[in-house]
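Visitor: Pasting a structure here, questions to come.
The values are calculated or read from the model by the stated rules, or taken from the named source; none is laboratory data. Computed from a predicted structure; not experimentally measured. Reconstructed Cβ throughout: ideal geometry from the backbone, glycine too, with neighbour counts over all protein chains shown. Side chains included, ligands, DNA and RNA excluded: accessible areas come from the protein's heavy atoms. Shrake-Rupley method; radii C 1.70, N 1.55, O 1.52, S 1.80 Å.
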Amino acid sequence: MNYQQITELLGKENENLFSHTCKIPKESLQLPSPRFIDDVFLISNRNLQTLRSLKQLFNGGRLAGTGYLSIFPVDQGIEHSAGASFAKNPMYFDPENIVRLAVEGGCNAVASTFGVLGMVARKYAHRIPFIVKLNHNELLTYPNKFDQVMFGSVRDAWNMGAVAVGATIYFGSPESDRQITEVAKAFDEAHELGMATVLWCYLRNNAFVRDGKDFHVSADLTGQANHLGVTIQADIVKQKLPVLNGGYKALNMGSSHYGKLDEKMYTDLSTDHPIDLCRYQVLNGYSGRVGLINSGGASEGDKDLKDALRTAIINKRAGGQRYDFGKKGFSTAICEGVQLLNSIQDVYLEKLITVA
């Protein structure tokens, strides 16, 4: 898709996405570029093998050499149950079709479970970088509980030729201390073995829903989750796109005392504009030194392309590295999934869509 096609599809209601200037200037950030690995990670403590793995991630697919990433993640068979995830397209019960879609869609990498990637590793590990997801919410215990548990080892991922490992932490949950400890240890081992690390920095606590507002997607709380994620040396963080702000304020109503806040977080560092909210997430990733991927929501059929393009534009203009559309990708046949992947990649390839 070209610039004109993208703007026409988004319509007049999204015109301000293309003209907005952020509260935090782009000059204060480390932005995606062809030299991103050399400019950012070459001076870090990552060893030579990890630098090579990061280069491999950034130098594949249609976005190769741009500093942007197109990662295709499918762990929904566990996180949301296989039947619910693949009922629309039973072909995706077969792991090879998941990896095929990533390859044919021009992705930099495919992220999935030990089982999915292990089943086809000898055929595909040399064709597209593997990111093995280490932990999952198994969602079968009755009643359902929300916890991330380890499904395998870093060494298993390394043995199947993975370039990187991924993990999720439910920040704010009662189990988060254990998850932080487990994932920090796993990421340290991954770096020793020369693999990159990707962290899903999600929030999970019923208290984060107040007065009909869901602060699981507030810029201030998700930004802090990102900051915790980069503290345990994630090389890339994945976060839900923020849609509001003021989570700390909402949770400090009445006699409660939660976290720490400064009013300048809301007045000097951000506004209510979606690109500013996302820019705050980028800022918390060491000012863009750790790339931000924003995750997509549930598939809604005809709206998927428009929603995906809108989110990709917000992420790119905020200074992020990627919009990950997840469930939207395998809700369609492979040929349609490829078209959707390529359309999102076109946002990051389009030079007229610049960082705000």
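Visitor: Looking at (1) more than 17 Å from Val163 (Cβ to Cβ); (2) modelled with pLDDT of 95 or more, find the lone condition where Ala109 falls short.
Guide: Among (1) more than 17 Å from Val163 (Cβ to Cβ); (2) modelled with pLDDT of 95 or more, the lone unmet condition for Ala109 is (1).
Visitor: From the list Leu42, Leu48, Leu57, Leu134, exactly one residue is more than 22 Å from Tyr286 (Cβ to Cβ), at pLDDT 95 or above and either of a type in the set (A, V, I, L, M, F, W, C) or open to solvent by less than 10 Å² (accessible area, probe 1.4 Å) (or both). Which is it? Walk me through it before giving the result.
Guide: Values: Leu42 fails: more than 22 Å from Tyr286 (Cβ to Cβ); Leu48 fails: more than 22 Å from Tyr286 (Cβ to Cβ); Leu57 fails: more than 22 Å from Tyr286 (Cβ to Cβ).
Only one candidate passes the filter, namely Leu134.
Visitor: Here is a follow-up. Looking only at the range 218-253, count every residue that is β-branched (Val, Ile, Thr), under 13 Å from the mean Cα position of the chain (by Cα) and not in a helix (DSSP H, G or I) and tell me the total.
Guide: Selection size over the range 218-253: 2.
Visitor: A follow-up question, please. Would you be able to tell me the number of residues in the range 102-118 that are more than 17 Å from the chain's Cα centre (by Cα), touching a residue at least 40 places away in the same chain (Cβ under 8 Å) and within 21 Å of Val154 (Cα to Cα)?
Guide: Here is the first cut: in the range 102-118, the ones more than 17 Å from the chain's Cα centre (by Cα) are 103-106, 114-118.
Within this subset, residues satisfying the condition of being touching a residue at least 40 places away in the same chain (Cβ under 8 Å) are 104-106, 114, 116-118.
Filter again for within 21 Å of Val154 (Cα to Cα), leaving 114, 116-118.
Adding up the residues that qualify gives 4.
Visitor: Looking only at the range 184-196, count how many residues are in a loop (DSSP other than H, G, I, E, B) and either farther than 26 Å from Tyr124 by Cβ or over 18 Å from the mean Cα position of the chain (by Cα) (or both). Even if it seems obvious, please write down each step before you answer.
Guide: Quick first cut of the range 184-196, residues in a loop (DSSP other than H, G, I, E, B) only: 193-195.
Adding the requirement that they be either farther than 26 Å from Tyr124 by Cβ or over 18 Å from the mean Cα position of the chain (by Cα) (or both) leaves 193-194.
Summing the residues that are in a loop (DSSP other than H, G, I, E, B) and either farther than 26 Å from Tyr124 by Cβ or over 18 Å from the mean Cα position of the chain (by Cα) (or both) in the range 184-196 gives 2.
Visitor: To continue, here is another question. Based on what the data block shows, is Arg52 charged (D, E, K, R) and part of a helix (DSSP H, G or I)? Lay out the reasoning, then the answer.
Guide: Numbers: charged (D, E, K, R): yes; part of a helix (DSSP H, G or I): yes.
So Arg52 fits the description; yes.
Visitor: In addition: Identify the single condition in (1) buried (at least 21 other Cβ atoms within 10 Å of the Cβ); (2) out of contact with any Phe, Trp or Tyr (no Cβ under 6 Å at 6 or more places or on another chain) that Asp147 does not satisfy, given that it satisfies every other one.
Guide: Just one mismatch for Asp147, condition (1).
Visitor: So, Leu283, is that one at pLDDT 95 or above, within 14 Å of the chain's Cα centre (by Cα) and either not β-branched (Val, Ile, Thr) or not in a loop (DSSP other than H, G, I, E, B) (or both) or not? Spell out how you get there, then give the answer.
Guide: Working: at pLDDT 95 or above: yes; within 14 Å of the chain's Cα centre (by Cα): no; either not β-branched (Val, Ile, Thr) or not in a loop (DSSP other than H, G, I, E, B) (or both): yes.
Judged against the criteria, Leu283 is not a match.
Visitor: Out of Asn252, Asn205, Asn226, I need the residue that is touching a Leu at 6+ places or on another chain (Cβ under 8 Å), open to solvent by 10 Å² or more (accessible area, probe 1.4 Å) and not small (Gly, Ala, Ser). Which one?
Guide: Values: Asn205 fails: touching a Leu at 6+ places or on another chain (Cβ under 8 Å); Asn226 fails: open to solvent by 10 Å² or more (accessible area, probe 1.4 Å).
Testing whether each residue is touching a Leu at 6+ places or on another chain (Cβ under 8 Å), open to solvent by 10 Å² or more (accessible area, probe 1.4 Å) and not small (Gly, Ala, Ser) leaves just Asn252.
Visitor: When you check Asp188 against the structure, is it of a type in the set (Asp, Glu), within 16 Å of Asp272 (Cα to Cα), free of Cβ contacts under 8 Å to residues at least 60 places away in the same chain and open to solvent by 30 Å² or more (accessible area, probe 1.4 Å), yes or no?
Guide: Numbers: of a type in the set (Asp, Glu): yes; within 16 Å of Asp272 (Cα to Cα): no; free of Cβ contacts under 8 Å to residues at least 60 places away in the same chain: yes; open to solvent by 30 Å² or more (accessible area, probe 1.4 Å): yes.
No.
Visitor: Is it true that some residue in the range 88-102 is in contact with a Gly (Cβ under 9 Å, 6 or more places away or on another chain) and open to solvent by 50 Å² or more (accessible area, probe 1.4 Å)?
Guide: yes
Visitor: On to the next question. Enumerate the pairs (first residue in the range 18-30 and closer than 10 Å to Arg279 by Cα and open to solvent by 40 Å² or more (accessible area, probe 1.4 Å); second residue anywhere and part of a loop (DSSP other than H, G, I, E, B) and among the acidic types (Asp, Glu)) with beta-carbon separation below 8 Å, excluding pairs fewer than 6 apart on the same chain, so at least 6 apart or on different chains.
Guide: Close Cβ pairs satisfying both conditions: Lys23/Asp268.
Visitor: While we're here: If Ser256 satisfies every condition in (1) more than 15 Å from the chain's Cα centre (by Cα); (2) at pLDDT 90 or above but one, which is the exception?
Guide: (2)
Visitor: Still on this structure, please answer the following. Against the condition outside any loop (DSSP other than H, G, I, E, B) and either of a type in the set (Val, Ile, Thr) or at pLDDT below 95 (or both), how does Ile6 come out, does it pass?
Guide: Working: outside any loop (DSSP other than H, G, I, E, B): yes; either of a type in the set (Val, Ile, Thr) or at pLDDT below 95 (or both): yes.
Yes: the conditions hold for Ile6.
Visitor: When both residues are 6+ apart or on different chains and their Cβ atoms are under 7 Å apart, which pairs have a first residue that lies in the range 210-237 and is on the phi > 0 side of the Ramachandran plot, and a second that is surrounded by 24 or more Cβ atoms within 10 Å (Cβ to Cβ)?
Guide: Gln233/Phe187; Gln233/Thr197
Visitor: Can you name every residue in the range 60-76 that is open to solvent by less than 30 Å² (accessible area, probe 1.4 Å) and either outside any loop (DSSP other than H, G, I, E, B) or not charged (D, E, K, R) (or both)? Before you say what the answer is, go through the steps one by one.
Guide: Filtering the range 60-76 for residues open to solvent by less than 30 Å² (accessible area, probe 1.4 Å) gives 60, 63, 67-76.
Those that are open to solvent by less than 30 Å² (accessible area, probe 1.4 Å) and either outside any loop (DSSP other than H, G, I, E, B) or not charged (D, E, K, R) (or both): Gly60, Leu63, Gly67, Tyr68, Leu69, Ser70, Ile71, Phe72, Pro73, Val74, Gln76.
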